[in-house]
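Asker: Dropping the structure in here first, questions after.
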Amino acid sequence: MAAFIQLFVSGLATGAIYALVAVGFMLLWQTSQTINFAQGEFVMIPAFFVLWAIKILGVGFWPAVGIAVVASLLILGLLFKRAIVDPMLRHGVLPLVISTIALSIFLKEAVKDFYSSQAQPFQAMIPSEDLNLFGAVISSQSIFILLIASGAVLGLNKLLNGTRLGRAMQATAQNPSVARILGIPVERMIMYTFLINALLVALASLMISPIYLAKFTNGDTLGLAAFIAAIVGGFNQVRGAIVGGLILGVIENMAAAYISAQYRGAIPLILLIAVILWRPQGLMGRAEERTV
Amino acid sequence: MMDFLTSRAFKGTVFVLLVAGLIILPFFLRPFGLLLVAMWMVHAVAALGLNLTLGYAGQISMAQGAFVGIGAYCTGLMTLAGVPYPVAFLCSGALCFAIGWILGYPALRVQHHYLAFVTLAFSTLVFLVMRNEEWLTNGIYGLTDIPRPILFGWNTGKAKDFYFFTLLMTSILAFCVWWIIRSPWGRAFVALRENPVRALSLGVDTRRYTLMAFAMGSSIGGFAGALYAPLVQFFEPNSFSLTLSLKLLLMVIVGGAGTFFGPFIGAATEVLLPEWLRIAQGYYLIIYAMLVMVLMMFCPTGIIGLGERLISHLRQKKISSERSAQAQVMGADKPGQKEGAGQ
């Protein structure tokens, strides 16, 4: 039982990180039909912004984190939208998919060639301690991640549902033409979602890098996890992506422990295929009208 | 001149010149160069198959690399067990045809990004099976010493012989694809891509053709794998990870999806160019990725599309210059110019 709780909590913690990445992924899809195949690399990069700031600028950890967040907002939010997504939108979905695949190669290779191909140790935001809870040993990291992720999600939810700005963003996602008629600055709203995505991936990066170490290939698994979480939960609901992420994290951990360590990566994929075939709108999602 | 550049005669000429060039190439290249060109052909075949599924039938697949892997493992294991190569070759294609047919079923239910993710998941699953099922695939150690075939007394063991064998098989497979594209099936695929609802109402069995597009594209991927196995003679699961599928996808789009020569050009940018651009060294992939992004921005129809745009631009220029010339010599009747302006 204690082992089960341990696995469950650490699974939830990983799942919470997946959920953050999946929420960002889904927001981009909703507002601008961007399927970001570089989302995983977007999570990998901010950790290297931190390392780079420490190494080149010689600043401490926390200032470096600040620099990394600003760099993420500028590069992964603003620049990504302006330089890659905007010129591509009129060409439809597929060229943009290809472009983000190319971007993911670019980011990976850039880190490999200009920083290092080795896994880099990464400082955790809080000291790591083991807490004893009902006989189960739980890392303080896990609790911290869960708290931060819940905070981020609650904040986002508050923003989207509780403020005028959030409602305008939702209107943009649902029907940009009508939103424009109603006087909502659609372009700016789309930009905000890109910035929110940049913020979410930066947060995810800071939390996951101490666990996995910062490495240029980290994005492969993280990106896939984000896709799966978004689809399993439901592509058109923020809470869907959250539930999807949590389910995925827990299932992955349980599968590794109780079914097969070799096939731990396979279980989420099978889950993905099953959900797409039997419930394409996702576990929490609303059925969308199919476009002809 | 401009009309000639887009005519069928021109395409035929290019094709003949290409084949002729590939035939005399071995007399100039060292074995490593031959291996590289043969590698290009194998990738081009796999991309041809994906082009059938993606470019013509419009069904996005991120699993072509997995089919190359299945084909390679099928041929590798069978020939290592002593089965004659032609049998193994056909089995690879047939196996991938069957698996591709099954993979097509999700495409009947979901489209676009959902289909992309199903195929992506499939690709990763295949990789996991290759890596973990050691009793069958030898796990991470891969397959070694795969024999090259002896056909009708022709031993293809040497680099040059195997090069010619690859060239022969590539030509045959390319011809098959060309034939499929021009057949009623190819037309049905395009109808499926352009407007599935209309195709259905016109009596095209879209269900069957969707599955068929997947099965055919996958089986050609399997044949590519069957050529790959004896070409490299050693491979392991990492050769067929998701990266290969994504690379093949990039090849098709960069070359020009839905065009016959697109995959050849796309494959050349992935396989041949890195070797010729040795100066760029480790930075090739970075440069390549940037070029792909720029290409997609300005010309999503790929390199072929870029070429076509250039030709039509030149033609426009020619026509307008002819028009102005004609305007200057108003009254003087010159039938030849009229013909040019009329186009």
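Asker: Give the residue that is surrounded by the fewest Cβ atoms within 10 Å (Cβ to Cβ), with candidates limited to residues of the stretch A:86-127 that are at the interface with chain B (Cβ under 7 Å from one of its Cβ atoms) and not aliphatic (A, V, I, L, M).
Answerer: Once the filter is applied, the top-ranked residue is A:ASP113.
Asker: Would you point out which residue out of B:ALA268, B:ALA215 is over 30 Å from B:ARG109 (Cα atoms) and among the small types (Gly, Ala, Ser)?
Answerer: Numbers: B:ALA215 fails: over 30 Å from B:ARG109 (Cα atoms).
After ruling out the rest, the residue left standing is B:ALA268.
Asker: I've got another one for you. Quick one: A:ALA229 ticks every box in (1) more than 24 Å from A:ASN36 (Cα to Cα); (2) hydrophobic (A, V, I, L, M, F, W, C); (3) touching a Phe, Trp or Tyr at 6+ places or on another chain (Cβ under 8 Å) bar one, so which box is it?
Answerer: The single condition A:ALA229 does not satisfy is (1).
Asker: When you go through (1) modelled with pLDDT of 85 or more; (2) closer than 25 Å to B:THR166 by Cα; (3) aliphatic (A, V, I, L, M) one by one for B:MET293, which number turns out not to apply?
Answerer: It fails just one condition, (2).
Asker: To continue, here is another question. Counting only residues that are surrounded by 23 or more Cβ atoms within 10 Å (Cβ to Cβ), touching a residue at least 60 places away in the same chain (Cβ under 8 Å) and within 14 Å of chain B (Cβ to nearest Cβ), give me the helices (runs of 4 or more DSSP H) lying completely in the stretch A:186-292 with at least 1 of them. Talk me through it step by step, then tell me what you get.
Answerer: Values: elements: A:186-212, A:218-233, A:238-254, A:266-278.
Answer list for the stretch A:186-292: A:218-233, A:238-254.
Asker: Separate question: Please report, ordered by residue number, the helices (runs of 4 or more DSSP H) entirely within the stretch B:218-310 with at least 1 residues that are more than 26 Å from B:LEU103 (Cβ to Cβ).
Answerer: Numbers: elements: B:242-255, B:262-271, B:273-276, B:284-298.
Helices (runs of 4 or more DSSP H) meeting the threshold: B:262-271, B:273-276, B:284-298.
Asker: Which count do you get for residues in the stretch B:109-123 that are within 7 Å of chain A (Cβ to nearest Cβ) and surrounded by 24 or more Cβ atoms within 10 Å (Cβ to Cβ)?
Answerer: So the answer is 3.
Asker: Which residue out of B:THR137, B:THR144 is within 14 Å of chain A (Cβ to nearest Cβ) and modelled with pLDDT under 85?
Answerer: Only one candidate passes the filter, namely B:THR137.
The values are calculated or read from the model by the stated rules, or taken from the named source; none is laboratory data. Since the structure is predicted, the reported quantities are computational estimates derived from the model, not experimental observations. Heads up, the Cβs are rebuilt from the backbone with ideal geometry, glycines too, and the neighbour counts pull from every protein chain shown.
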